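Data first, discussion second: the structure below is written as structure tokens.
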Ligand code: PEP
Ligand code: MG
């Protein structure tokens, strides 16, 4: 089977009825670009940039960031990359002093909230991202956006960084798509407002599941409750995809859910056309896409959306996947 999946590398992820599905890879380190391309990724849909903070004792400088970003861009040779800004805190503990008395770190000072609290640090990263545009095209994405004000503040720090670079005569491109993660239920509910503010969205199911179901994603005692098969999660995903489509805004998914083949058909049926997954999952997800038609997935999704429990959903997903493979 592994050899068979390998042969899929140079084949498109298009469905049997010829609908194009874009397959991107998720990375944390520049060296992971190659494994993504080797498995047929068309680009990088999520570059988690935290590794510079997680693997060394001193805070990374602007040139540390820039070197890493350039390496990624060069390895991609013109293919697209979505660079996500700092997503530290909670499950990603950095090498600088963090509040240690947080009772609920996942509900605390993490991600874009943390970046906005440490604007100097945030600005260093954004300057490096902007400067990296001279090496090739990038998109910038803000994580864990919860409300409009927070997004506007993050965008403001970015435009300040642009002005600073301009004043200093440092070259960069202003032609950058700005996007946000949809990974907090409030962002799904407010999507019709967020569409006015960004160029694209990416659904982060890892966090969306934990916040929608009130289940800590890293707590094994409640792990059985943590599932994308919960009908409420499918409804949130549908809301996000529908609202983005109504406003002609691109939307992708980069959470682990879209790297699990049992979800591929229902996600295609709900209208998802861009998947960003770990390199190891690319061939398998491609294989499912190439084995189905969109009308078939739409019909299946409509049936799944009427189910009332995670157990029923999971059973339906498994049965359908067995049928097509
Ligand atoms: C997510 O939450 O789905 C996501 C992709 O981000 P992370 O796993 O890095 O929190
Ligand atoms: Mg997340």
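The values are calculated or read from the model by the stated rules, or taken from the named source; none is laboratory data. All of these numbers come straight from a predicted model, not from anything done at the bench. Every residue, glycine among them, receives a Cβ derived from its backbone with ideal geometry; neighbour counts consider all protein chains shown.
Any residue at all in region 237-253 that's assigned to a loop (DSSP other than H, G, I, E, B), touching a helix residue (DSSP H, G or I) at 6+ places or on another chain (Cβ under 6 Å) and at pLDDT 95 or above? Give the derivation first.
First, the residues of region 237-253 that are assigned to a loop (DSSP other than H, G, I, E, B): 247-250.
Narrowing further to those that are touching a helix residue (DSSP H, G or I) at 6+ places or on another chain (Cβ under 6 Å): none.
No - not one qualifying residue is present in region 237-253.
Listed residues 183, 150; which is surrounded by 15 or more Cβ atoms within 10 Å (Cβ to Cβ) and in contact (Cβ under 8 Å) with a residue 40 or more places away in the chain? Walk me through it before giving the result.
Working: 150 fails: in contact (Cβ under 8 Å) with a residue 40 or more places away in the chain.
The unique qualifying residue is 183.
Exactly one of these conditions fails for residue 28: (1) closer than 21 Å to residue 122 by Cβ; (2) surrounded by 19 or more Cβ atoms within 10 Å (Cβ to Cβ); (3) modelled with pLDDT of 95 or more; (4) within 16 Å of ligand 2 (Cβ to nearest atom). Give me its number.
(2)
Step by step: first the residues of region 50-74, then only those that are over 24 Å from residue 165 (Cβ atoms) and away from ligand 2 (no atom under 16 Å from the Cβ), then the one that is farthest from the chain's Cα centre (by Cα). Which residue is that?
Taking the candidates together, the pick is 57.
Taking residue 104, is it in contact with a helix residue (DSSP H, G or I) (Cβ under 8 Å, 6 or more places away or on another chain) and either surrounded by fewer than 16 Cβ atoms within 10 Å (Cβ to Cβ) or in contact (Cβ under 8 Å) with a residue 24 or more places away in the chain (or both)? It would help to see each step written out before you state the result.
Details: in contact with a helix residue (DSSP H, G or I) (Cβ under 8 Å, 6 or more places away or on another chain): no; either surrounded by fewer than 16 Cβ atoms within 10 Å (Cβ to Cβ) or in contact (Cβ under 8 Å) with a residue 24 or more places away in the chain (or both): yes.
In short, no.
Is it the case that region 52-65 has a residue that's buried (at least 22 other Cβ atoms within 10 Å of the Cβ), in a loop (DSSP other than H, G, I, E, B) and touching a residue at least 12 places away in the same chain (Cβ under 8 Å)?
Looking through region 52-65, none of the residues is buried (at least 22 other Cβ atoms within 10 Å of the Cβ), in a loop (DSSP other than H, G, I, E, B) and touching a residue at least 12 places away in the same chain (Cβ under 8 Å).
Quick check on my filter: what residues within region 186-198 are surrounded by fewer than 17 Cβ atoms within 10 Å (Cβ to Cβ) and either within 16 Å of ligand 2 (Cβ to nearest atom) or within 20 Å of residue 134 (Cβ to Cβ) (or both)?
Correct list: 186 only.
Whether any residue in region 164-183 is over 21 Å from residue 69 (Cβ atoms) and within 16 Å of ligand 2 (Cβ to nearest atom) is what I want to check.
Looking through region 164-183, at least one residue is over 21 Å from residue 69 (Cβ atoms) and within 16 Å of ligand 2 (Cβ to nearest atom).
Here is a list of conditions, (1) more than 17 Å from residue 48 (Cβ to Cβ); (2) touching a helix residue (DSSP H, G or I) at 6+ places or on another chain (Cβ under 9 Å), and residue 76 meets all of them except one; can you say which number that is?
(1)
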